Amino acid sequence: QVQLVESGGGLVQAGGSLRLSCAASGRTFSSYTMGWFRQAPGKEREFVAAISWSGGKTYYADSVKGRFTISRDNAKNTVYLQMNSLQPEDTAIYYCARRGTYNYDSWGQGTQVTVSA
C-alpha cells in the first residue's frame with residue numbers, strides 16, 4: 001500500500017561495491033519487516049536479505065552471506081543493502097519489498113545491478 005522506490009543500482013566491476021536504497025513514500029506508522037529480492041534474466045525471483053524494523057533482526061540468503069549487509073533508518077523510512085565483493089552472478093534487477101502479516105505485499109519497481117567480469 002506504500003510506494004517503494006529503489007535507487008543506487010548501476011554498473012560495477014567484479015570485486016566492487018554498491019549500496020542500494022529503498023525509500024517508502026509518505027509517512028509510515030507501523031513497523032514491518034523489509035526485504036530485498038533479485039531477479040536475473042531468465043531466472044526466478046530470489047530472496048536476498050531481510051530486516052525487521054523492530055528488533056534489528058537480519059536474514060540473508062546463503063549466496064550473499066558475508067558480502068551483503070542489510071540495514072535500516074526508520075526515521076527516513078529507508079532500507080539499505082550494502083553489497084561488497086560483487087560478482088557477475090549478482091547481476092540482476094534488485095527489488096525491495098515490505099512484508100505484511102502473511103507475505104510481502106508491497107514492491108518497488110527495482111533497480112538494475114550489473115557486475116562485469
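Some observations on this one:
- Simple label model, 7 Å out from Cα along Cβ direction - Ser7 to Glu89, nm: 3.2
- Per-residue surface analysis assigns Met34 an accessible area of about 10 Å², computed on protein heavy atoms at 1.4 Å probe radius.
- Restricting the chymotrypsin sites (Phe, Trp or Tyr not before Pro) of the range 1-101 to loop positions (DSSP other than H, G, I, E, B) with no more than 12 neighbouring Cβ atoms within 10 Å leaves Phe29.
- Summing charges over neighbours of Trp107, with a neighbour being any other residue whose Cβ is under 12 Å away from its Cβ, gives +1 when K and R count +1 and D and E count -1.
- Taken along its three principal axes, the alpha carbon spread of the chain comes to 43, 25, 24 Å, from the longest extent down to the shortest.
- Of all segments of the chain bounded by trypsin sites (Lys or Arg not before Pro) found in a DSSP loop with no more than 15 other C-beta atoms within 10 Å, the longest spans 68-117.
- Approximate spin-label separation Asp62-Phe47, in nm, with each point projected 7 Å along Cα-to-Cβ: 1.3
- Per residue convex hull volume, Cα atoms of the range 62-110, in Å³: 106
- When the chain is treated as a GNM with alpha-carbon contacts under 10 Å, the residue of Ala75, Ala49, Ala40 showing the greatest mean-square fluctuation is Ala75.
The values are calculated or read from the model by the stated rules, or taken from the named source; none is laboratory data. Nothing here was measured: the structure is a model prediction, and the numbers come from that model. Reconstructed Cβ throughout: ideal geometry from the backbone, glycine too, with neighbour counts over all protein chains shown. The area values use the complete protein model at the heavy-atom level, side chains included, leaving out ligands, DNA and RNA. Shrake-Rupley method; radii C 1.70, N 1.55, O 1.52, S 1.80 Å.
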